[in-house]
Amino acid sequence: MYGMESFSVLSNCARDPGERSAGQAHRAMQVHLDCSVESCRVRRRARRTLVEARSMVSDERATP
């Protein structure tokens with residue numbers, strides 16, 4: 001489904017993966033399940049993408 005380039009971009013927590021589709025963002029959230037949005041740029045970007053796509057509702061208690 002996703003090529004090796006996408007995997008390598010999504011595997012590095014320190015690197016912002018750039019804009020992704022909602023499906024790719026969902027996969028990134030699964031891959032980085034144990035990461036926090038504070039420490040993982042991939043998870044942070046994925047959360048923002050899913051919130052903007054209205055596929056996820058951000059909890060007001062969550063930090064950016």
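One table, with the values for the structure above:
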{"read-out": "Length gained when the stretch residue 15-residue 61 is fully extended (0.36 nm per residue, less Cα-Cα span)", "value": "14.0 nm"}
{"read-out": "Charge context of residue 13, other residues only, Cβ under 12 angstrom, K/R +1, D/E -1", "value": "+2"}
{"read-out": "Sparsely packed trypsin sites (Lys or Arg not before Pro) within segment 17-58, loop by DSSP, other Cβ within 10 Å at most 10", "value": "54"}
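Here, each number is a calculation from the coordinates, and none is a lab measurement. The model shown is predicted, which means the values in this text are computed figures rather than measured ones. Using ideal geometry, Cβ is built from the backbone for each residue, glycine included, and neighbour counts are taken over all protein chains shown.
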